[in-house]
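Asker: One structure, as structure tokens, below. Some questions next.
Since every read-out is calculated from the coordinates, none of them should be taken as a lab result. As the structure is a computational prediction, the values presented were derived from the model and not from experiment. Methodologically, a virtual Cβ is constructed for each residue, glycine included, from the backbone with ideal geometry; neighbour enumeration extends over all protein chains shown.
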Amino acid sequence: MQVSVCSNSCSLNLNSNNVKSHLLMGRRELLSTLCSTGSHKEVVSHKPISILRMISERMADFGEVIIGKSIPFATRRVVLAGLFACWTFHPSRYLSAQALGDPSVAVEDVTPPVFPSGALFPSEERTVQLFEKNTYSVVNIFDVTLRPQLNVTGAVEIPEGNGSGVVWDEQGHIVTNYHVIGNSLSRNPSPGQVVARVNILASDGVQKNFEGKLIGADRSKDLAVLKVEASEDLLRPIKVGQSSYLRVGQQCLAIGNPFGFDHTLTVGVISGLNRDIFSQTGVTIGGGIQTDAAINPGNSGGPLLDSKGNLIGINTAIFTQTGTSAGVGFAIPSSTVLKIVPQLIQFGKVVRAGLNIEIAPDLIANQLNVRKGALILQVPSNGLAAKAGLLPTTRGFAGNLILGDIILAVDNKLVKNKAELNKALDEYNVGDKVMFKIRRGSENMELPVILEEVSS
């Protein structure tokens, strides 16, 4: 490698008379003296020259002059600063680039042939068709209380309240997650109030924007229903499939708007069933579908499809430590969606069957040494539970605590805690008669109970 160096530019232009008259030299004067040149001519050496060797030689010469003749009190910092300034600011430090090429070579000679892609494999063609068929049933949802913000790098930051949804019917009902519009719902909007903006993809590829009015929401299942006033040609309802017949290993597809990138497709398999989903609403949803299809922020509320293009779940959560997909995503099964959404459309809320009793939280139950079952704390005297004979937790005359009935099973389905009791009662309707197996003191017994409507 040829290195350009200066032969005379860094020479010291020191006059002996000036040295004697000025024993102490200022730092600025010292630097200007170091970088003063007699002639700035770039000399190209024909032999490789070590930069470090050149600097060391000049440092030795310069140190000898400075220390021995001119400046007896010069510090090491001044010496190094001078050398650095000379090396940094001299124009010969920058080497001119040399373009290489071969004018005798034609562009056609160095351009490789391009081969046609050909037809897709059958599996690829099926995936493409499924996406093209169902992408128009997926919408993009923006919480009206949140706005995209421009960060310092110029990129648009997508708020957490942005997500996906599916077209439910031709009347304009849109199904999404509760937490997608959770910021608007926290303000207790009334039914019919605009809580989101909904973008629907038209057949010409243009996004049409509509106001999303609240119809109903269920926090315990992380589901919400909106309505848009759109023409029927834009509304392409999703086809709903059966989630109860899913098998681990079968293929699934997720369509959504991760990080604001609309209508994104990811493909995976069903990797688990009957999972407990810890939703962003702070509740646990039972019977969840686990998939390794990439689900990221923005996919929430979008559809999880089977290999036939039928809706088998609503994507709702991911298990991650980084905020992005880690290969473990969860969806609310379509069986739950089919049960909740019609009620939200009809009543604006979920009519849930259960018992108007207070069940002890797991922490309190453990402190009271209740390891299995759901401990009853309070039973309203005018409710169906009291009429059935269920007893609450009370205090004796001496102030001692008398535990109430502990529910062990519902129609022979074992109950370990409060969450499992609620999960078991979700399978029933208001007015259904169920058999409770309870423990009262040291005795086990069975009591028939009629379920009533409970608040969501």
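Asker: Please compute the length gained on full extension between residue 347 and residue 443, using 0.36 nm multiplied by the number of residues separating them and subtracting their Cα-Cα distance.
Answerer: Working: separation 96, 0.36 × 96 = 34.56 nm, distance 4.21 nm.
Residue separation times 0.36 nm, minus the Cα-Cα distance, leaves 30.4 nm.
Asker: Quick one: which of 133/423; 308/339; 239/413; 208/349; 227/413; 239/433 span more than 27 angstrom between C-alpha atoms?
Answerer: Working: 133/423 35 Å; 308/339 22 Å; 239/413 32 Å; 208/349 29 Å; 227/413 38 Å; 239/433 33 Å.
Result: 133/423; 239/413; 208/349; 227/413; 239/433 exceed 27 Å.
Asker: Multiplying the sequence separation of residue 229 and residue 188 by 0.36 nm and subtracting their Cα-Cα distance, what value in nm do you get?
Answerer: On the way: separation 41, 0.36 × 41 = 14.76 nm, distance 2.24 nm.
My answer for the length gained is 12.5 nm.
Asker: Please label the shape of the range 251-347 as rounded, prolate or oblate, based on the square roots a ≥ b ≥ c of the eigenvalues of the alpha-carbon gyration tensor (a/c under 1.5 means rounded; beyond that, a/b larger than b/c means prolate, else oblate). Kindly include the intermediate steps, with their values, before the conclusion.
Answerer: Numbers: a/c = 1.40, a/b = 1.26, b/c = 1.11.
Here the range 251-347 falls in the rounded category.
Asker: Could you calculate the contour length gain from residue 81 to residue 378, that is, 0.36 nm times the residue separation minus the distance between their Cα atoms, to one decimal place in nm? Write out the running numbers ahead of the final one.
Answerer: Details: separation 297, 0.36 × 297 = 106.92 nm, distance 8.23 nm.
Gain on stretching residue 81 to residue 378: 98.7 nm.
Asker: Which aspartates and glutamates does residue 418 reach when only Cα atoms under 16 Å apart count, and residues fewer than 8 places away in its own chain are ignored?
Answerer: 276, 358, 362, 405, 426, 427
Asker: Along the Cα-to-Cβ line of residue 427, 7 Å from the Cα, sits a label point; which residues in the range 262-287 have backbone N less than 18 Å from it?
Answerer: Residues passing the 18 Å test: 273-277, 285-287.
Asker: Using the beta-carbon distance between residue 276 and residue 387 and R0 = 30 Å, what value does 1/(1 + (r/R0)^6) give for FRET efficiency, to the nearest 0.05?
Answerer: Details: r = 33 Å, r/R0 = 1.09.
Efficiency, from the Cβ-Cβ distance: 0.35.
Asker: Report, as a whole number in µm² per second, the diffusion coefficient that Stokes-Einstein gives for the range 202-309 at 10 °C and 1.306 mPa s using the Kirkwood radius over alpha carbon pairs. Write out the running numbers ahead of the final one.
Answerer: On the way: Rh = 15.8 Å.
Taking Rh from Cα pairs, D becomes 101 µm²/s.
Asker: Report the FRET efficiency, 1/(1 + (r/R0)^6), for residue 126 and residue 248, where r is their Cβ-Cβ distance and R0 is 22 Å, rounded to 0.05.
Answerer: Values: r = 21 Å, r/R0 = 0.95.
E between residue 126 and residue 248, to the nearest 0.05, is 0.60.
Asker: In nm, to one decimal, how far is the residue 307 label point from the residue 454 one, both placed 7 Å along Cα→Cβ?
Answerer: Going by the 7 Å Cα→Cβ label model, 4.0 nm.
Asker: Let me ask you something else. How big is the gap, in Å, between the Cα center of the range 181-202 and the Cα center of the range 330-373?
Answerer: Measuring centre to centre over Cα atoms gives 24 Å.
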